[in-house]
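See below for the structure under consideration.
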Amino acid sequence: MDMPPLTILVCGATGYVGGRLVRLLLDEGHTVRCLVRNKEKLTKFSWRDRPRLQVLEGDLQDPEAVKAAVVDIDVAYYLVHSMIAASDKYAQRDRELAENFVAAIDQSPCRQIVYLGGLGELGPDLSHHLRSRREVAEILQTSTVPVTVLRAAMIIGSGSASFEILRYLVERLPIMVTPKWVNTETQPIAIRDVLRYSVECIGVPETRGRTIDIGGLDVMTYRELMQAMAKAIGLPRRIIVPVPVLTPRLSSLWISLVTPVSSAIGRPLAEGLRNRTVCRNDVAKQLMPGTLLNVPQALDAALGKIETHDIETRWSTAGVMPGDPDWAGGTTKLDERSITVDASPEQTFRVIERIGGGHGYWGAGWLWRVRGWMDQLVGGPGLRRGRRHPDDLHFGEAVDFWRVTAHQSNRRLRLRAEMKLPGDAELDFQLTPAENDSTVVTMTARFRPSGLLGLAYWYSVLPLHGLVFPVMLRGIKRDAESNSV
C-alpha cells in the first residue's frame with residue numbers, strides 16, 4: 001500500500017489490538033504517537049525503541065493530555081473501551097472519555113478517526129457491553145473529523161478473551177450444556193485480517209465517514225465453531241446440549257469456572273452472543289480487497305502462536321493499572337523473609353520471573369490450588385489466567401491472580417493481588433548482590449486490612465505463610481543454584 005508517511009495517534013496502544021497495530025503502522029513508515037497511562041507498560045513490546053515512535057504519558061480523562069496528544073496528527077485510532085461493561089458506571093466512563101477525545105480532536109488537523117466496534121451493535125436488544133460500544137461510536141461520529149467505524153465479530157487470535165473462552169471450553173468439556181445462543185450465527189475474523197483492514201482503511205478515502213462490517217470467510221453457528229476448535233486441537237467432536245434456561249449471569253459464572261476469563265469479563269461477552277453477528281454486506285472486500293483466512297486457518301494460526309509462546313498481546317494485560325496503596329499509612333501487616341542464594345542476581349531473577357502459570361510456586365501446589373478455587377468461588381480470577389509466556393514477564397502483565405506492578409531486571413519483582421480480599425495485598429521480591437557472586441533474596445508479603453474482616457483474614461493466613469513461604473524461597477535457591485552450575 002503506497003501512501004505518504006503520516007503522523008498517527010493510537011489511543012489504546014497497550015491493548016490487545018492496539019499493541020499489534022502500532023508495530024504494523026511503524027512498519028509502514030508512519031510516525032506513531034501513543035497516549036498511555038503508564039509508560040512502563042510498553043517496556044516489553046517489540047516496537048518500544050523504534051525511531052518513529054512517540055510516547056506521551058497521560059489519561060483520556062485529562063483534557064490537557066488529550067489536547068497535547070492530538071497536536072499535528074493526520075489520523076487517530078480510538079481503541080479504548082471497558083471490557084467490564086455490565087454497569088452504568090463503566091458505560092458512563094466510556095462516554096466521558098469519548099467526549100473528551102472529540103472535544104480535543106475537533107481542534108486538531110486530524111483527517112480521519114478509526115474506531116473498532118463490534119458486529120451486532122445495531123440491533124434493538126443489546127447487552128450493556130455492546131450498547132456502550134455503540135454509544136462510543138455515536139459520540140465519535142459527532143466529531144467534525146470523518147470517522148471510520150470497523151465492526152467485527154469474534155476475533156480469532158492468540159491471547160484474545162473470546163478465543164481463550166472458546167479454547168478452554170472445548171478442551172475441558174467433552175460434554176457441554178450450553179445456552180440457546182450456541183445456535184446463533186457469527187462471522188469470526190482472524191486478528192491478522194482485523195489488523196490488515198485497520199491499516200489499509202487509512203489509505204482508502206472512501207472508508208471515511210462510513211460504518212464497515214469486517215468478517216472472515218466463514219459464517220457458522222457457535223456450535224459449529226466449537227466443533228471446528230475441537231478438530232483444530234485434535235480432539236473428538238464435543239457433545240453440545242443447548243438449553244433455554246441459562247441466563248447470561250449463569251453463563252458467565254460457568255465461563256469463569258472453566259476458562260481463565262473472570263465472570264466480570266465473561267458476562268458482557270456472553271450477553272453479546274445472543275445477537276447475530278454477521279456482515280451485512282461486502283463493502284470491506286470491495287474497498288480493501290485481499291486474502292482472508294477461513295476459520296480453520298485462523299484457529300491453526302492462533303494455536304501455533306500459543307504453541308511457540310509467541311503471543312504478542314493478551315487480553316489480561318490491557319486495562320487500568322491499579323493504584324498502589326500507600327503502604328506507609330494506616331495499619332500494614334508485613335511478613336518478610338530472606339535467603340542467600342549461591343548464584344548471581346541475573347540467574348536468580350530469571351528463576352523468580354517464572355513464578356506462577358504452569359511452573360507454579362516451587363512447592364505446596366495443593367495449597368495454591370485451594371486458594372485459587374476459593375477465589376474463583378467468590379468471583380475472583382483464581383489461578384486460571386496463567387501467564388502469557390513461561391519465562392518472560394513485563395510490567396502490567398497478569399500472572400494467575402496477581403498483576404506485575406514493578407519489574408526491575410535483576411533487582412525487583414512486585415506482584416499485586418487481584419484476588420478477592422478484604423484489603424490490599426502484594427508480594428515483593430528484592431534482590432541484593434552479596435559476596436562471592438551470591439544474592440540475598442528478600443520476599444515480603446504486605447497486607448493492608450480493610451476493617452476487622454481484613455485483620456481476621458491476615459491472622460488466619462499467617463500460619464499458612466509459615467508453611468508456604470519457606471518452601472518458595474528454598475525452591476528459588478535450588479533452581480537458581482542448579483542453573484548456575
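Results, tabulated for the structure shown:
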read-out	value
Kyte-Doolittle at least -1.0, axis length at least 27 Å by Cα - qualifying DSSP helices, the chain	451-484
Residues in segment 417-458 reached by a label modelled at Q408 [backbone nitrogen below 14 Å; 7 Å Cα→Cβ]	428-433, 442
Furthest towards positive pole of dipole, V378, H359, L21, structure part the chain, Cβ charges	V378
H30, H394, H81 arranged by Cβ crowding within 10 Å, fewest neighbours leading	H394, H30, H81
Residue exposure sequence - V22, V440, V295 - by fewest surrounding Cβ within 10 Å	V440, V295, V22
Two-site FRET efficiency, N281 against V370, from Cβ-Cβ distance with R₀ of 30 Å, rounded to 0.05	0.05
Lysine pairs with alpha-carbon atoms under 19 Å apart, the chain, spacing 8 or more or separate chains	4
Helix-only [θ]222 nm of the chain, DSSP H runs n ≥ 4, -39500 (n - 2.57) each, per residue, nearest 500	-11500 deg cm²/dmol
Segment 333-484: relative contact order in percent, alpha carbon pairs under 8 Å with at least 6 residues between	32
Given charges at beta-carbon only (K, R positive; D, E negative), |dipole| of the chain in Debye	1160
Relative contact order of the chain, defined on C-alpha pairs under 8 angstrom at six or more residues apart (%)	13
Taking W368, W373, W402 and counting other C-beta atoms within 10 Å, the order from fewest to most	W373, W368, W402
Which of V440, P345, H389, positive extreme of dipole for segment 326-485 (C-beta unit charges)	H389
Tail weight of P(r) past 43 Å, computed on alpha-carbon pairs of the chain, percent	18
Mean separation of Cα contacts under 8 Å (6+ apart) over length of segment 133-230, as relative contact order %	41
Net length gained if the chain between R95 and T340 were fully extended (0.36 nm per residue, minus Cα distance)	83.0 nm
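Quick note: the coordinates plus some simple rules give every number you see, no bench work behind them. The shown structure was predicted, so the numbers you read here are calculated from the model rather than taken from an experiment. In this analysis, Cβ positions are derived from the backbone assuming ideal geometry, glycine residues included, and neighbour counts consider all displayed protein chains.
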